[in-house]
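Trainee: One structure, as structure tokens, below. Some questions next.
The values are calculated or read from the model by the stated rules, or taken from the named source; none is laboratory data. Since the structure is predicted, the reported quantities are computational estimates derived from the model, not experimental observations. With ideal geometry, Cβ positions are generated from the backbone for all residues, glycine too; neighbour counts draw on all protein chains shown.
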Amino acid sequence: MKKQNIILFLFLLVGLSILNYPFLSQWVNRRSESQAVESYEKQTDVLEEEKKRAIKQEAEAYNKELLEKQTGVSDGFSVKNKRDDRYERILNTSGDGIMGVLRIPKIQVHLPIYHGTSAKVLEEGVGHLYGSSFPTGGEGTHSVFSSHRGLPSKTLFTDLDQLKEGDLFFLDILGEEMAYRVEEILTVEPEETEALEIIPGKDYVTLVTCTPYGINSHRLLVRGERIPWEEKEEKPKEKITHGIWQWMKILFAVSAVVILATGILLIVIPFMKKRRGGD
């Protein structure tokens, strides 16, 4: 292979690698998220039922205090996390800050839920908003979860705007699965947090992210209300979204074919020319 052909091939390889970096980075991050979820599920599976009840009761006591105080919450993307040892201990079964798992089948979200909404947490998964109820379910609770959208290497809540009223999402807390049906979708100013307040008699979970995409001047609130659900019931199938990451997958496949074909041509063409010259 001639020197100029080698250089051309290397330039092509580097260029296609740069184009495919977001997809490869996302794949690595999704693998990391899956490992965090699997680790949490394994740890909760081996917990004794008596231990699980004690942990849940501690969280429920915390929620009862929130309901009585009704101090409200702040915007999940601007609040500065306070050091609260009691808060960080509750539902933190493994000491890694994970309190549960969020699953949204329609947009293929399956993420760990962490305590607080620090910058680090919001880049790794879903953050539980300090001051909102712990996700134990029950009347008079309102859990609020935040995450980013539009990160170059992670999907997170990028497709949250695809949810519609009636769609389902699920929480896995201490091995118990709870189902929530989307019943209201709002777009509000960051300081407008009234929709995140606890409502006596209601069991709510609200998912929060920035909107519009790329501008992030407002907040998208997707509120779900708990519905009866048995784990043996058929779960909604995950739908394949056709956003930017689907196109990235196509680009990755095409790039692989281009690199392979180019490499073969750069080897075969000089060989054929040499062979013809010999004839």
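Trainee: For GLN35, state whether it is surrounded by fewer than 15 Cβ atoms within 10 Å (Cβ to Cβ), at pLDDT 90 or above and assigned to a helix (DSSP H, G or I).
Mentor: Against the criterion (surrounded by fewer than 15 Cβ atoms within 10 Å (Cβ to Cβ), at pLDDT 90 or above and assigned to a helix (DSSP H, G or I)), GLN35 does not qualify.
Trainee: If you go through segment 41-59 one residue at a time, do you hit one that is in contact with a strand residue (DSSP E or B) (Cβ under 6 Å, 6 or more places away or on another chain) and either acidic (Asp, Glu) or not in a strand (DSSP E or B) (or both)?
Mentor: Checking segment 41-59: not a single residue is in contact with a strand residue (DSSP E or B) (Cβ under 6 Å, 6 or more places away or on another chain) and either acidic (Asp, Glu) or not in a strand (DSSP E or B) (or both).
Trainee: Among the residues of segment 75-92, count how many are surrounded by fewer than 18 Cβ atoms within 10 Å (Cβ to Cβ) and modelled with pLDDT of 90 or more.
Mentor: Matching residues across segment 75-92 total 5.
Trainee: Check ILE173, ILE244, ILE227 and return the single one that is modelled with pLDDT under 90 and either on the phi > 0 side of the Ramachandran plot or not small (Gly, Ala, Ser) (or both).
Mentor: None of the others qualify; the one that does is ILE244.
Trainee: Is one or more of the residues making up segment 47-67 buried (at least 17 other Cβ atoms within 10 Å of the Cβ) and at pLDDT below 60?
Mentor: Looking through segment 47-67, none of the residues is buried (at least 17 other Cβ atoms within 10 Å of the Cβ) and at pLDDT below 60.
Trainee: With the condition kept exactly as written, say whether any residue in segment 109-120 is assigned to a loop (DSSP other than H, G, I, E, B), closer than 14 Å to GLY97 by Cα and in contact (Cβ under 8 Å) with a residue 12 or more places away in the chain.
Mentor: Yes, some residue in segment 109-120 is assigned to a loop (DSSP other than H, G, I, E, B), closer than 14 Å to GLY97 by Cα and in contact (Cβ under 8 Å) with a residue 12 or more places away in the chain.
Trainee: How do the pairs read when you match residues in segment 36-50 that are farther than 14 Å from GLY95 by Cα with residues anywhere that are surrounded by 12 or more Cβ atoms within 10 Å (Cβ to Cβ) and small (Gly, Ala, Ser), using Cβ under 7 Å and keeping only pairs 6 or more apart or on different chains?
Mentor: ASP45/GLY175
Trainee: Now for a separate question. Could you grab me the full set of residues in segment 75-108 that are part of a strand (DSSP E or B) and out of contact with any helix residue (DSSP H, G or I) (no Cβ under 6 Å at 6 or more places or on another chain)?
Mentor: Correct list: MET99, GLY100, LEU102, ARG103, ILE104.
Trainee: Okay, moving on. Pull up segment 146-184, narrow it to residues that are among the basic types (Lys, Arg) and in contact with a helix residue (DSSP H, G or I) (Cβ under 9 Å, 6 or more places away or on another chain), then point me to the one that is surrounded by the fewest Cβ atoms within 10 Å (Cβ to Cβ).
Mentor: LYS164
For (1) of a type in the set (Val, Ile, Thr); (2) at pLDDT 95 or above, each residue gets a yes or a no:
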residue	(1), (2)
SER153	no, no
GLN162	no, yes
LEU168	no, yes
ARG181	no, yes
ILE185	yes, yes
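Trainee: Within segment 188-228, take every residue that is out of contact with any Phe, Trp or Tyr (no Cβ under 7 Å at 6 or more places or on another chain) and among the acidic types (Asp, Glu) and give me the one that is surrounded by the most Cβ atoms within 10 Å (Cβ to Cβ).
Mentor: Per the criteria, the residue is ASP203.
Trainee: Can you tell me which residue within segment 121-139, out of those that are out of contact with any Phe, Trp or Tyr (no Cβ under 6 Å at 6 or more places or on another chain) and part of a helix (DSSP H, G or I), is nearest to GLY76 (Cα to Cα)?
Mentor: Result: LEU122.
Trainee: Filter segment 65-95 down to residues that are touching a residue at least 40 places away in the same chain (Cβ under 8 Å) and not aliphatic (A, V, I, L, M), then give me how many there are.
Mentor: Counting residues in segment 65-95 that are touching a residue at least 40 places away in the same chain (Cβ under 8 Å) and not aliphatic (A, V, I, L, M) gives 14.
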